[in-house]
Every structure is written in C-alpha cells, then in structure tokens.
Amino acid sequence: MVTEKLKPASNRPDENPLDSEGLYPDPEKFLGKDYIDLNILKKLVGRSILSVDQFDKKTVLELCKFAALLETTEIAASHPLDGKIIITAFFEASTRTRLCFESAVLRLDGKIISIPTGMVTGVAKGESLSDIGEMFNAYGDLVVMRHTETNAVDEITKNLRLPLINAGNGSGEHPTQALADWFAILKWKPKLKEAQVKHKHKIHLGILGTPGSMRAVNSFLRMSLLFKSGIRKISIVSEMADPLGPELAQMLEQSGISFSLSNDINEVLSDLDVIYMNSIAFLGDSYKTLDSRYKLDRESNLKKDAVVLHPLARLDELDPTLDGTHHNLYFTQAHGAVFVRQALLIAVLNRFDRLPEKQIPLSN
Ligand code: CP
C-alpha cells in the first residue's frame, strides 16, 4: 500500500529541528514504501522490555519503521494513548530518557505520574522496591523505571504486574537507548536494513567504551549483533584490559563478525564508518571519566563520511566543535528517541486501533 501524502507530525518541525547542527537523515527514505508488519509488533503487546536480548532483527526493524512513520505523520489528533497512565519512576538522574518518555506519552495524549528522584518516595524511609512495585499496580498501566542497581528490575518485578520498560538498570542494560541508536543508524544508512548487504555498504563500527560495564554500550553492542549482515568489523577501544566480560566476548565470537580490541583510538579511527562513544563508565558504585586520549573533536582523523553517536550526557570526550559537522549523528539519535519510544508504547499498550487508518500503511 502506498500512503497518502502525509502531513508532517506536529511534533516534528518542517525544518531541521537541530537548526542545521549535524546530520538530519530523512525518515521517509528509511521507511520507503514498506508496510509496517503488525503481526510482528503485536508480539510486544503487554510485554515488559527489559533487555535487548528479547528482540530479533525483524522486531527492531518494524519498531524503527513504525518510529519513522510516527516521525512523519500527524497522529496526535487520534489520541493513541488516551486513557492510559504511564508511571516514570527514576531512581537515578536522567536528562533525556525520562523527559523523552514523558514527551512521547504526552504527545500521544497519555497521562504521566512521575518520580523524578527516588528520594521523594518511601525509599527515603527504607521502603523496598518490591513493595513499591505492588503499589504501582494500582496507579498506572505501564512503568518506565531507571535505577542505580542492576538487580532493580528483578526486585520490582517480584510484585509488579504491569508491563515494565527498563530505562537503565545500573551497569546492566538500556534497551530503548539501543533502539534509538539503531533508529538513527538506519535512517543514516537505510541499506543496513536489508538481509544481504553488499560489501561496499558494510560498516566498520567502532565502540569507544566498555560494553561489559556500561549499560548503553552493552545494549548497543547486543543490538548491533542483530545487524551483522551490514557490519564489516567491530573495533572496541577501551582503557580497560577486558572491556567485554565473558558473556559479550562469547556473543561476539559466536556472531562471526570480525572484531578487535584496542586501547588506542588512533589505531582504527581513520577506517571507522560509525563511532559509538560514551562518557562515563560504571566502576562498582561510581562513575569514572574516560581518559582524555579518547577525545574526539573537529580535528580528529575521521573518515570523510563517518558518523558519531553518543547516548549523552557528554563530558569532554566529545567536543562541541563536532556539533556543526556532518559527523554529528548524536543529536538526531537523541531527537529520534521520542518516536522510537512512542512506537514501543503504542505496541506494548496495544493502541494500534487508535491510529489514523488512511495514513498508516499497516498490514495485519
Ligand atoms: N541517554 C541517556 O540515557 O541519557 P539520560 O541519562 O539523560 O537519560
């Protein structure tokens, strides 16, 4: 089915919302004339989203196509989340993820109950997370939670009977960040969605960070393995002796993707097509800033068309002089996260029937 001429979404300005800072790839080019396969997305109905390992490539692709559609379609008037209450429970600081989820919900006409910091809850008096989970059952329809502790997901799900979206658990995972990351990459290079990718289109992916202890990088690497048909090589650059840990090392080896480990970005930088970097490493209960040797700026020896992704917040490893260049995919990555999260919320809450039929190329 070919869609009618779609109106731009009210939440997407006609012009580059980034005011020409960086790359802003067109979501319609990624979407093409494809259907969105509802049968695949409906498998997410009522499910919690805790780890990237729950996803296969088809589901990620359908979610990203759906997100691209939401980015280019006026659907606010259909009130897709009308009557739904989302609890955003953040027991750890966040700029993007909480506000992005809340923006996604409000733009779909859902309602929010928000915990911006755990210390405004009974946690301040010693209340357990499992008891808080039992309370949430009565207050909302879905919970988005971030927590400092990796086992927080296990704790809250002891009593929680609502779908839970993991918005970052300690040094564990950040699965919706990985969806936002790959949404940006796929918009930048739509050929990567194909089952067979010609060698000349395959990417050399560089990861600056420690996937074994940084949740965003962990989830990004796991999701990247789903797109192995489009990856020529993965180079991991970290100051840690063992940046992967045994599980990720085994996953990488079993994927068959060529990969290398290094502690010097300059060994690989000039050959990288995509550079995924992160600023902060979890070390036990604390963060550690990365060595300044890993800093990128406008003078770095980047390949002509290389793009840089960063889940943000950045520290001095990603210099603002890159913001105004075509290497900057990190602002698109952050901006597009709203649409990915909208796609996920509509799927988990099964609100496909609220979408404007004439504008949505859905197949049953
Ligand atoms: N990307 C990300 O998780 O950012 P926040 O910590 O600001 O939510």
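The values are calculated or read from the model by the stated rules, or taken from the named source; none is laboratory data. Quick caveat: nothing in here was measured; it's all calculated off a predicted structure. Neighbour counts run over all protein chains shown; Cβ positions are idealised from the backbone, glycine included. Ligands, DNA and RNA are excluded from the accessible area calculation, which covers all protein heavy atoms including side chains. Shrake-Rupley method; radii C 1.70, N 1.55, O 1.52, S 1.80 Å.
Testing Gly83 on (1) within 13 Å of the ligand (Cβ to nearest atom); (2) small (Gly, Ala, Ser); (3) in a loop (DSSP other than H, G, I, E, B), one condition comes back false. Which one is that?
(1)
Could you please tell me which pairs satisfy a Cβ distance under 8 Å, a separation of 6+ or placement on different chains, a first residue in the stretch 156-175 that is hydrophobic (A, V, I, L, M, F, W, C), and a second residue that is in a loop (DSSP other than H, G, I, E, B)?
Partner pairs satisfying both residue conditions: Leu162/Gly140; Leu162/Asp141; Leu164/Ser48; Leu164/Leu50; Leu164/Thr157; Ile165/Ser48; Ala167/Ser94; Ala167/His174.
Against the condition closer than 21 Å to His174 by Cα, within 16 Å of the ligand (Cβ to nearest atom) and part of a helix (DSSP H, G or I), how does Leu99 come out, does it pass?
Answer is yes for this residue.
Condition first: under 10 Å from Glu21 (Cα atoms) and either open to solvent by less than 10 Å² (accessible area, probe 1.4 Å) or within 15 Å of the ligand (Cβ to nearest atom) (or both). Now tell me which residues in the stretch 311-329 satisfy that.
Selection gives Leu322, Asn328, Leu329.
State the number of residues belonging to the stretch 143-187 that are open to solvent by less than 10 Å² (accessible area, probe 1.4 Å), more than 14 Å from the ligand (Cβ to nearest atom) and of a type in the set (S, T, N, Q).
So the count comes out to 0.
Whether any residue in the stretch 46-66 is of a type in the set (Val, Ile, Thr), modelled with pLDDT under 95 and within 30 Å of Leu315 (Cα to Cα) is what I want to check.
no
If you scan the stretch 212-227, which residues turn out to be touching a Lys or Arg at 6+ places or on another chain (Cβ under 9 Å) and either open to solvent by 10 Å² or more (accessible area, probe 1.4 Å) or under 18 Å from Val268 (Cα atoms) (or both)?
The answer is Leu226, and nothing else.
Looking for something under 30 Å from Lys304 (Cβ atoms), away from the ligand (no atom under 16 Å from the Cβ), assigned to a helix (DSSP H, G or I) and open to solvent by less than 30 Å² (accessible area, probe 1.4 Å) - is there at least one such residue anywhere in the stretch 41-53?
No, the stretch 41-53 contains no residue that is under 30 Å from Lys304 (Cβ atoms), away from the ligand (no atom under 16 Å from the Cβ), assigned to a helix (DSSP H, G or I) and open to solvent by less than 30 Å² (accessible area, probe 1.4 Å).
Do you know which residues across the stretch 112-127 are assigned to a strand (DSSP E or B) and open to solvent by less than 30 Å² (accessible area, probe 1.4 Å)?
Answer for the stretch 112-127, where residues must be assigned to a strand (DSSP E or B) and open to solvent by less than 30 Å² (accessible area, probe 1.4 Å): just Ile115.
So which pairs qualify, if the first residue must be in the stretch 234-247 and of a type in the set (Gly, Ala, Ser), the second must be open to solvent by less than 10 Å² (accessible area, probe 1.4 Å), the Cβ gap must be under 6 Å, and the two must be at least 6 apart or on different chains?
Ser235/Gly206; Ser238/Thr210
If Asp109 satisfies all but one of (1) surrounded by fewer than 20 Cβ atoms within 10 Å (Cβ to Cβ); (2) in a helix (DSSP H, G or I), what's the number of the condition it fails?
Unmet for Asp109, out of (1) surrounded by fewer than 20 Cβ atoms within 10 Å (Cβ to Cβ); (2) in a helix (DSSP H, G or I): (2).
Residue under question is Glu134, and the condition is that it be closer than 24 Å to Val45 by Cβ, away from the ligand (no atom under 16 Å from the Cβ) and either free of Cβ contacts under 8 Å to residues at least 24 places away in the same chain or in a helix (DSSP H, G or I) (or both); does it hold?
yes
Taking the options Ala104, Ala93, Ala195, name whichever one is within 12 Å of the ligand (Cβ to nearest atom), out of contact with any His (no Cβ under 9 Å at 6 or more places or on another chain) and not in a strand (DSSP E or B).
After ruling out the rest, the residue left standing is Ala93.
Quick one: Ile203 ticks every box in (1) modelled with pLDDT under 95; (2) surrounded by 23 or more Cβ atoms within 10 Å (Cβ to Cβ); (3) more than 16 Å from the ligand (Cβ to nearest atom) except a single one, so which number is it?
If we test Ile203 against (1) modelled with pLDDT under 95; (2) surrounded by 23 or more Cβ atoms within 10 Å (Cβ to Cβ); (3) more than 16 Å from the ligand (Cβ to nearest atom), just (1) comes out false.
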